[in-house]
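Q: Quick one: the structure is below, questions incoming.
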2 protein chains.
Amino acid sequence: MKRPGEFELIERFTRPFGRGEGIRVGIGDDAAVLRPPPGQDLVATVDAVVEGVHFTPRFTPEEIGWKALAVNLSDLAAMGARPLWALVALSTPPAADPGRLARIGRGIAACARRHALSVVGGNVTAARQLSLTVTVLGAVGKGRALLRSGGRPGDLLVVSGTLGDAALGLLPGAAPGPRGRQRRPRPRLALGRGVAGIAHAAIDISDGFLQDLGHLCAASGVGARLEADRLPLSPAYRAATRGSRDPFEGALSGGEDYELLLAVPPSRLEALRGAARRASTRVTVVGALEDRPGVRVVEGGRSLRPRREGHDHLRSVRVLGPGSGRA
Amino acid sequence: MKRPGEFELIERFTRPFGRGEGIRVGIGDDAAVLRPPPGQDLVATVDAVVEGVHFTPRFTPEEIGWKALAVNLSDLAAMGARPLWALVALSTPPAADPGRLARIGRGIAACARRHALSVVGGNVTAARQLSLTVTVLGAVGKGRALLRSGGRPGDLLVVSGTLGDAALGLLPGAAPGPRGRQRRPRPRLALGRGVAGIAHAAIDISDGFLQDLGHLCAASGVGARLEADRLPLSPAYRAATRGSRDPFEGALSGGEDYELLLAVPPSRLEALRGAARRASTRVTVVGALEDRPGVRVVEGGRSLRPRREGHDHLRSVRVLGPGSGRA
């Protein structure tokens with residue numbers, strides 16, 4: 001196959017990306033020109049996925065593209081924001097198959113269509129390792145963004161969906177459920193938007209439940225008590241960990257769940273359940289915030305000491321697993 | 001030296017970044033929360049610099065950081081926009097010296113301070129090669145963004161500063177002037193803002209003058225005639241190319257100049273000169289847009305055939321030189 005020049009490659013890579021709300025100038029000029037919705041706050045975040053760190057050769061190109069965008073949308077979900085626009089920077093070995101890159105682009109486009117946002121800018125550069133760095137911009141009602149810092153002692157800890165499946169999905173021969181959680185994460189955007197104004201605080205679970213709970217507690221200046229036997233676990237996860245000495249480890253520390261962890265005052269629990277129903281998302285109360293600093297994990301009233309909190313993303317570039325941290 | 005954990009590294013990397021205009025929540029939550037200036041358009045662009053492609057081991061860490069931000073600001077300059085915020089994604093080998101990363105952060109902070117913008121978000125991830133992907137957000141009066149597509153036959157082609165120095169700055173033993181142009185590009189933000197409303201079209205010269213002129217012509221649906229002997233060349237460039245068989249090649253195709261190329265109706269030339277004086281920036285008329293498609297380069301009335309237009313950024317990951325293209 002003829003190797004296309006760079007500009008042809010850019011064209012192929014960006015062709016599936018449509019035009020949407022508030023876009024005066026999209027891809028093709030020095031920068032995009034956008035009209036943010038008036039009277040709302042703008043929400044912005046950036047995240048990267050790197051070959052061999054966040055995805056393996058077993059991922060299809062479409063899965064790589066989907067994941068690159070979805071992990072960013074999860075951050076927007078945790079702010080209660082609605083996604084509007086994305087900018088996608090591709091780094092690729094010059095010898096990469098252009099058809100594979102076009103398929104990655106289609107994976108991004110599929111995730112963008114699913115969540116009603118548009119890719120408005122991009123960049124292609126040469127590098128030794130394939131990676132995608134995505135910036136997502138969204139909107140939220142003025143002053144209504146969900147922050148990590150709003151938790152108060154007495155707030156209930158509520159988590160969406162199930163935990164630990166994405167880590168399970170990394171294992172060879174993983175069941176389709178966990179494999180899909182790992183490769184096609186589904187950001188909890190509808191839930192996030194629904195609970196803005198109900199929850200005191202929110203964070204998305206990307207680094208591992210305990211580590212992200214620690215971030216929320218630190219930002220809110222509180223501690224927490226977590227009841228391990230309440231953790232929402234999928235049938236696939238229960239089957240895979242049956243008889244394990246530490247059945248909660250994957251759920252507590254596995255990372256890449258892209259669920260939301262919310263701090264909700266008990267008086268608003270029913271409102272929260274209503275919002276979760278409208279978002280067709282399961283939510284589970286797993287503990288509460290407390291005055292006393294630190295996170296205590298209990299099981300049937302007995303203290304558990306988890307072996308590790310989560311991932312140090314720089315521990316190794318070659319070990320597959322969650323590999324990036326927000327600054 | 002103790003290797004700091006990832007979160008300590010993020011903290012060190014982001015510490016120099018201050019808070020500025022319109023920032024409700026900066027670094028430290030799932031995403032930044034921002035207040036765009038009401039009634040203005042938002043301008044957004046992303047670009048990456050990669051070790052061995054856009055910078056060499058001869059760059060100081062501060063120069064790497066400066067350049068990563070400055071190349072993005074040049075895109076904002078070409079839109080006539082004012083920079084507001086940046087998001088910085090760092091990919092780094094896990095064994096990188098944290099002191100070096102902190103110095104890269106200081107280089108970004110120095111460039112941000114110089115141009116009155118704030119870093120509001122970031123990401124750190126493991127990778128085999130050091131790179132920085134920066135997203136910049138800015139503002140421009142509604143409908144006043146300078147586009148590539150506004151050029152009309154008869155418009156004068158005007159270029160800022162001098163051309164070819166950055167390419168010269170890559171050579172071993174380069175003079176301080178060209179070396180500075182390569183390592184600490186100075187985005188033409190004041191000029192860009194000053195000529196919005198005067199110029200019909202603009203593009204920044206990152207890929208090489210001829211290639212970027214080709215982009216402007218294609219977007220505007222016009223051709224151009226360029227007078228090579230009018231190209232603005234620095235004394236250092238003239239000295240380095242004295243006696244060369246093709247003294248214009250570096251200026252026409254060198255890349256990374258980060259000057260602005262403007263299309264200006266003759267009736268507004270004096271207004272443009274006034275704006276350039278107020279921005280303390282030299283501008284030179286180098287040709288004109290024409291109906292006839294294609295770019296013609298003439299020298300003393302005689303046609304020149306340049307040997308190459310500019311860089312194919314994916315030609316090689318190991319060859320140093322301009323290495324990224326906007327999509």
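The values are calculated or read from the model by the stated rules, or taken from the named source; none is laboratory data. These numbers were taken from a predicted model, which means no experiment stands behind them. Counting neighbours? That spans all protein chains shown, and the Cβs are built from the backbone with ideal geometry, glycine included.
Q: Take segment B:16-70 and flag every residue that is over 21 Å from the mean Cα position of the chain (by Cα), buried (at least 24 other Cβ atoms within 10 Å of the Cβ) and assigned to a strand (DSSP E or B).
A: B:ASP29, B:ALA32, B:VAL33, B:LEU34
Q: Restricting to segment A:286-295, name every residue that is surrounded by fewer than 18 Cβ atoms within 10 Å (Cβ to Cβ) and either assigned to a strand (DSSP E or B) or without any contact (Cβ under 8 Å) to a residue 24 or more places away in the chain (or both). I'd like the intermediate steps shown before the answer.
A: Step one: list which residues in segment A:286-295 are surrounded by fewer than 18 Cβ atoms within 10 Å (Cβ to Cβ), which gives A:290-294.
Of everything in segment A:286-295, just one residue is surrounded by fewer than 18 Cβ atoms within 10 Å (Cβ to Cβ) and either assigned to a strand (DSSP E or B) or without any contact (Cβ under 8 Å) to a residue 24 or more places away in the chain (or both), namely A:GLU290.
Q: Right, another one. For B:HIS115, only one of the following conditions fails: (1) closer than 17 Å to B:LEU73 by Cβ; (2) facing chain A (nearest Cβ under 7 Å); (3) surrounded by fewer than 24 Cβ atoms within 10 Å (Cβ to Cβ). What is its number?
A: (2) is the only condition that B:HIS115 fails.
Q: Let me ask something else. Go through B:SER253, B:SER316, B:SER244 for me and flag whichever is surrounded by 19 or more Cβ atoms within 10 Å (Cβ to Cβ) and either modelled with pLDDT under 95 or not basic (Lys, Arg) (or both).
A: Working: B:SER316 fails: surrounded by 19 or more Cβ atoms within 10 Å (Cβ to Cβ); B:SER244 fails: surrounded by 19 or more Cβ atoms within 10 Å (Cβ to Cβ).
Of the residues listed, the single one that is surrounded by 19 or more Cβ atoms within 10 Å (Cβ to Cβ) and either modelled with pLDDT under 95 or not basic (Lys, Arg) (or both) is B:SER253.
Q: Okay, moving on. Exactly one condition in (1) within 20 Å of the chain's Cα centre (by Cα); (2) of a type in the set (Val, Ile, Thr); (3) farther than 18 Å from B:GLY80 by Cβ is false for B:THR281; which is it?
A: Of (1) within 20 Å of the chain's Cα centre (by Cα); (2) of a type in the set (Val, Ile, Thr); (3) farther than 18 Å from B:GLY80 by Cβ, only one is false for B:THR281: (3).
Q: Could you look through segment B:31-59, keep only residues that are within 18 Å of B:ALA127 (Cβ to Cβ) and among the aliphatic types (A, V, I, L, M), and pick out the one that is farthest from the other protein chains (Cβ to nearest Cβ)?
A: B:VAL49
Q: Scan segment B:226-274 for residues that are over 21 Å from the mean Cα position of the chain (by Cα) and at positive phi and jot them down.
A: Residue satisfying the conditions is B:GLY243 alone.
Q: Would you point out the residue of segment B:93-132, among those that are among the hydroxyl-bearing types (Ser, Thr, Tyr) and within 23 Å of the chain's Cα centre (by Cα), that is modelled with the highest pLDDT? Break it down into steps so the answer makes sense when it comes.
A: Here is the first cut: in segment B:93-132, the residues among the hydroxyl-bearing types (Ser, Thr, Tyr) are B:118, B:125, B:131.
Then keep just the ones that are within 23 Å of the chain's Cα centre (by Cα); that gives B:118, B:131.
Details: B:SER118: 92, B:SER131: 96.
Only one residue tops the list, namely B:SER131.
Q: Kindly indicate the residue of segment A:296-305 that is surrounded by fewer than 19 Cβ atoms within 10 Å (Cβ to Cβ) and either under 18 Å from A:GLY164 (Cα atoms) or of a type in the set (A, V, I, L, M) (or both) and also modelled with the highest pLDDT among those meeting that condition. Step through it out loud before you land on a result.
A: Just the residues of segment A:296-305 that are surrounded by fewer than 19 Cβ atoms within 10 Å (Cβ to Cβ), to begin with: A:296, A:298-305.
If we keep only those that are either under 18 Å from A:GLY164 (Cα atoms) or of a type in the set (A, V, I, L, M) (or both) too, we end up with A:298-299, A:304-305.
Numbers: A:VAL298: 93, A:GLU299: 88, A:LEU304: 78, A:ARG305: 70.
Within segment A:296-305, the match that is modelled with the highest pLDDT is A:VAL298.
Q: Let me ask you something else. Cβ-Cβ under 8 Å, sequence separation 6+ or interchain: first residue in segment A:269-281 and in the same structural domain as A:PRO187 (by TED's automatic domain parsing), partner surrounded by fewer than 16 Cβ atoms within 10 Å (Cβ to Cβ). Which pairs?
A: Close Cβ pairs (under 8 Å, with a partner that is surrounded by fewer than 16 Cβ atoms within 10 Å (Cβ to Cβ)) amount to A:ALA276/A:ARG282.
Q: Count, please, the residues in segment B:74-100 that happen to be at the interface with chain A (Cβ under 9 Å from one of its Cβ atoms), of a type outside the set (Gly, Ala, Ser) and either touching a Gly at 6+ places or on another chain (Cβ under 6 Å) or part of a loop (DSSP other than H, G, I, E, B) (or both).
A: Of the residues in that region, 5 qualify.
Q: Further, regarding this structure: Taking B:GLY197, is it within 14 Å of another protein chain (Cβ to nearest Cβ), surrounded by fewer than 24 Cβ atoms within 10 Å (Cβ to Cβ) and not β-branched (Val, Ile, Thr)?
A: Working: within 14 Å of another protein chain (Cβ to nearest Cβ): no; surrounded by fewer than 24 Cβ atoms within 10 Å (Cβ to Cβ): yes; not β-branched (Val, Ile, Thr): yes.
In short, no.
Results for (1) within 20 Å of A:LEU170 (Cβ to Cβ); (2) in contact with a strand residue (DSSP E or B) (Cβ under 7 Å, 6 or more places away or on another chain), shown as yes or no for each residue.
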| site | (1), (2) |
| --- | --- |
| A:HIS200 | no, yes |
| A:ILE205 | yes, yes |
| A:LEU210 | yes, yes |
| A:LEU216 | no, yes |
| A:ALA219 | no, no |
| A:VAL222 | no, yes |
| A:ALA228 | no, yes |
| A:LEU231 | yes, yes |
| A:ALA236 | yes, no |
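Q: Please pick out the residue among A:VAL134, A:VAL124, A:VAL71 that is touching a residue at least 40 places away in the same chain (Cβ under 8 Å), touching a Leu at 6+ places or on another chain (Cβ under 8 Å) and more than 7 Å from chain B (Cβ to nearest Cβ).
A: Numbers: A:VAL124 fails: more than 7 Å from chain B (Cβ to nearest Cβ); A:VAL71 fails: touching a Leu at 6+ places or on another chain (Cβ under 8 Å).
Answer to the selection: A:VAL134.
Q: Let me ask another. Would you check which residues across segment A:137-153 are facing chain B (nearest Cβ under 8 Å) and closer than 16 Å to A:ALA263 by Cβ and list them?
A: Those that are facing chain B (nearest Cβ under 8 Å) and closer than 16 Å to A:ALA263 by Cβ: A:ALA145, A:LEU147, A:ARG148, A:SER149.
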